[in-house]
Amino acid sequence: MGRVTFEKRKKLDYRVSESYKSLRTNLQFCGAEVKTVSFTSCTPNEGKSSVCFNLAVSLAESGKRVILIDADLRKSVLIGRYKAGGVKAGLAHYLVGQKPFEEIRMQTDIENMDIIFSGPYVPNPAELLESEYFGILVEKCRKEYDYTLVDTPPLGSVIDSAIVAGAVDGAVLVIEADAISYRFVERIKKQLERSDVRILGAVLNKVAMDGGKYGYGKYGGYYGKYYGNYGHVKG
């Protein structure tokens, strides 16, 4: 097993950290049987990868063993965003049979947290994620970790997330506040439901907390500018 250091990881301030603790608690309340969870969004740049990463960190800091799988085989941002050094192999290598599990799993400089990066670009990501190898990988992680978080591409762009959802215990939809229409969210929700996955809820991301229509008013100064609000997507 290799080791990776996140050179550009910024420590969250108290208010944002508390938000992820709330998200962590709500995930744990979903039940002990929910151990593998995928994250998707409607469109790019809604903050899905950041939410998935920071939740993994929060779970690890609480003492849970967690592994983050970067399953965005089309346009991964994790390596570049956190300047992860020492990455030689990833999920793509495993799915095409070039590398075994132990060579793609990497320890991180965050205690209790491991990660599998996406690896190099492949021309057939949907087919690879639909293969038995991905399902085997998820089951292996289920046995070795308390939580397995899977970062997937936006479902409004490609079908990959729906494929991954069929292999996990539950899915979470990350939605950018004031950027995505209710109708679009409903369409994405229905796509997830076709995978017969349990939709655990939605994270309303990038919410301005300085008042306005969300009604937090003066309390916005305590919770911070952005707050991930975890709740059910209502149909």
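Residue check, Lys143 against (1) outside any helix (DSSP H, G or I); (2) at pLDDT 95 or above; (3) of a type in the set (D, E, K, R); (4) loosely packed, with under 15 Cβ neighbours inside 10 Å, all met but one. Which one?
(1)
Collect the residues in segment 118-167 that are in contact with a Phe, Trp or Tyr (Cβ under 7 Å, 6 or more places away or on another chain) and either without any contact (Cβ under 8 Å) to a residue 40 or more places away in the chain or aromatic (Phe, Trp, Tyr) (or both), keeping them in residue-number order.
Once the filter is applied, which keeps residues that are in contact with a Phe, Trp or Tyr (Cβ under 7 Å, 6 or more places away or on another chain) and either without any contact (Cβ under 8 Å) to a residue 40 or more places away in the chain or aromatic (Phe, Trp, Tyr) (or both), segment 118-167 yields Tyr133, Lys140.
Looking at Ser62, Ser118, Ser49, Ser58, which one is modelled with pLDDT of 90 or more, under 18 Å from the mean Cα position of the chain (by Cα), surrounded by fewer than 16 Cβ atoms within 10 Å (Cβ to Cβ) and not hydrophobic (A, V, I, L, M, F, W, C)? Reasoning before the result, please.
On the way: Ser118 fails: surrounded by fewer than 16 Cβ atoms within 10 Å (Cβ to Cβ); Ser49 fails: surrounded by fewer than 16 Cβ atoms within 10 Å (Cβ to Cβ); Ser58 fails: surrounded by fewer than 16 Cβ atoms within 10 Å (Cβ to Cβ).
The unique qualifying residue is Ser62.
The values are calculated or read from the model by the stated rules, or taken from the named source; none is laboratory data. Only a predicted model underlies this, so the values are computations on that prediction, with no experimental measurement involved. Note: ideal-geometry Cβ built from the backbone for every residue, glycine included; neighbour counts use all protein chains shown.
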